[in-house]
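Visitor: What follows is a structure written as C-alpha cells; I'll ask about it next.
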C-alpha cells in the first residue's frame with residue numbers, strides 16, 4: 001500500500017549497531033513494524049514513522065549536538081517506571 005507522503009512525517013535514524021537499535025525501538029519501546037527490508041526498517045511512530053537504517057557511526061562517548069543533531073522525545077507520566085519496564 002502506498003502512502004500519501006504529503007501527510008506523513010518521518011524520522012530517519014542511521015545506526016552502526018542496526019540489530020541492537022532495531023531491537024530497542026521495536027522490542028523495548030514497542031514500536032510496531034510497518035515494513036522491513038533487511039537493513040532498513042520502518043516502525044510506526046505516532047502518526048508518522050521512524051526509519052532505522054545502517055550507515056551511522058557509533059561512539060562510546062556522548063556525542064555533541066553537532067555529531068548527533070536529532071533528539072527523539074517520548075513523554076511518559078513516570079520516567080522511573082518507564083525505565084524499569
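Visitor: Would you order 52, 12 from fewest to most other beta-carbon atoms within 10 Å of each residue's own beta-carbon? Could you put the intermediate results ahead of the total?
Guide: Numbers: 52 25, 12 13.
By the 10 Å Cβ count, ascending: 12, 52.
Visitor: Restricted to Cα positions, what overall size does the range 18-85 have along the principal axes? Three whole-Å values, descending.
Guide: 33, 31, 21
Visitor: Once you order the gyration tensor axes a ≥ b ≥ c over the Cα atoms, which shape class does the range 1-57 get: rounded for a/c under 1.5, otherwise prolate or oblate by comparing a/b with b/c? Intermediate values should be presented prior to the final figure.
Guide: Details: a/c = 1.95, a/b = 1.52, b/c = 1.28.
In terms of gyration-tensor shape, prolate.
Visitor: While we're on this one: Please give the calculated 222 nm ellipticity per residue for the chain, where each DSSP H segment of at least 4 residues contributes -39500 (n - 2.57) and the sum is spread over every residue; nearest 500 deg cm²/dmol?
Guide: On the way: 2 runs with 12 residues, N = 85.
Theoretical 222 nm ellipticity from helices: -3000 deg cm²/dmol.
Visitor: Provide the FRET efficiency to the nearest 0.05 for the residue 70-residue 37 pair, computing r from the beta carbons and using R0 = 35 Å.
Guide: Details: r = 22 Å, r/R0 = 0.62.
My answer for the efficiency is 0.95.
All of the numbers you see were taken from the coordinates with simple rules; none came from a lab. Owing to the predicted nature of the structure, the values given are computational and were not obtained by experimental measurement. With ideal geometry, Cβ positions are generated from the backbone for all residues, glycine too; neighbour counts draw on all protein chains shown.
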